[in-house]
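J.: Have a look at this one before I ask anything.
The values are calculated or read from the model by the stated rules, or taken from the named source; none is laboratory data. Being a predicted model, the structure only gives us computed values, none of them experimental. Cβ placement follows ideal geometry from the backbone for every residue including glycine, while neighbour counts extend to all protein chains displayed.
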Amino acid sequence: MKIKIFIAILIMTTNIAFSQDYMDDIALKACECLSTVSDTLETERFNMELGICMIDAASPYKKQLKKGYKIDFNKIDTQGKELGRIIGLRMASVCPDALMKMVNKVNNKKNNDISENIIEGQVTAIIDDKFVEFSIKNELGKNSKYYWFTFIESNTDLSTDYKTLTDKFVQVTFTSQEFFDARIGEYRAFNIIQKLEIINN
């Protein structure tokens, strides 16, 4: 009985390792392909080239993807977005530089269109995972998220004091920019903090 359990565990471990290996291989090949794509391409063409990189990298593993993720290459026109989401998630961990290339591409495209906005409100929550995220409730009671990605001008030392800002009232100057979100496989808007000041209220 113990031998059967051991064999079953060994088979499961081997299958998991194999799945990890082929997905990492797909991600690495997609990253290598993306590194050859020019940053000067128009965004639409850049996205098309990115999609081609992902499909080319995944093609040798059609059977595994169909079995493991139910991705059918005969239906890639409708399942391409899901394939991109899956590969994008792995690319983010295997080769984050590729993710930054996608982010920079979007930033370069929108630099001329960026406008600053100002809001005042109360900090209701602070999450510090890979980046610091502030939830701020405005005067209408609406909560929105604002992100600390770059240097922030402030009247406090944020690097040491930011965790103490919960429940305090702040004025935030921010820009809204689109970044590639690997979790959903597409671009979405992020509120990027440029300036944060504590205000008396």
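J.: Report, by residue number, each residue of the range 58-73 that is closer than 10 Å to L83 by Cβ and part of a helix (DSSP H, G or I).
T.: Hits for the range 58-73 are A58, L65, Y69, F73.
J.: Show the residue pairs that are 6+ apart or on different chains and have beta-carbon atoms under 6 Å apart, the first residue being within the range 182-201 and farther than 19 Å from S93 by Cα, the second being assigned to a loop (DSSP other than H, G, I, E, B) and basic (K, R).
T.: What qualifies is I198/K168.
J.: Now for a different question. With respect to the numbered conditions (1) at pLDDT 85 or above; (2) in a helix (DSSP H, G or I), which one is the sole condition not fulfilled by T36?
T.: So T36 meets the others, but not (2).
J.: Also: Among the strands (runs of 3 or more DSSP E) contained in the range 123-182, which hold 1 or more residues that are out of contact with any helix residue (DSSP H, G or I) (no Cβ under 7 Å at 6 or more places or on another chain) and among the aliphatic types (A, V, I, L, M)?
T.: Values: elements: 132-138, 143-148, 169-181.
Filter on the range 123-182 gives 132-138, 169-181.
J.: Working carefully through the options L50, L99, find the one that is surrounded by 18 or more Cβ atoms within 10 Å (Cβ to Cβ) and either at positive phi or modelled with pLDDT of 85 or more (or both). Don't jump to the end; show me each part of the working.
T.: Working: L99 fails: either at positive phi or modelled with pLDDT of 85 or more (or both).
Within the list L50, L99, the selection yields L50.
J.: Against the condition more than 19 Å from F179 (Cβ to Cβ), modelled with pLDDT of 90 or more, aliphatic (A, V, I, L, M) and surrounded by 14 or more Cβ atoms within 10 Å (Cβ to Cβ), how does I26 come out, does it pass?
T.: Spelling it out, I26 is indeed more than 19 Å from F179 (Cβ to Cβ), modelled with pLDDT of 90 or more, aliphatic (A, V, I, L, M) and surrounded by 14 or more Cβ atoms within 10 Å (Cβ to Cβ).
J.: Any residue at all in the range 127-136 that is out of contact with any His (no Cβ under 6 Å at 6 or more places or on another chain), farther than 21 Å from A182 by Cα and either basic (K, R) or at pLDDT 85 or above (or both)?
T.: Yes, the range 127-136 contains at least one residue that is out of contact with any His (no Cβ under 6 Å at 6 or more places or on another chain), farther than 21 Å from A182 by Cα and either basic (K, R) or at pLDDT 85 or above (or both).
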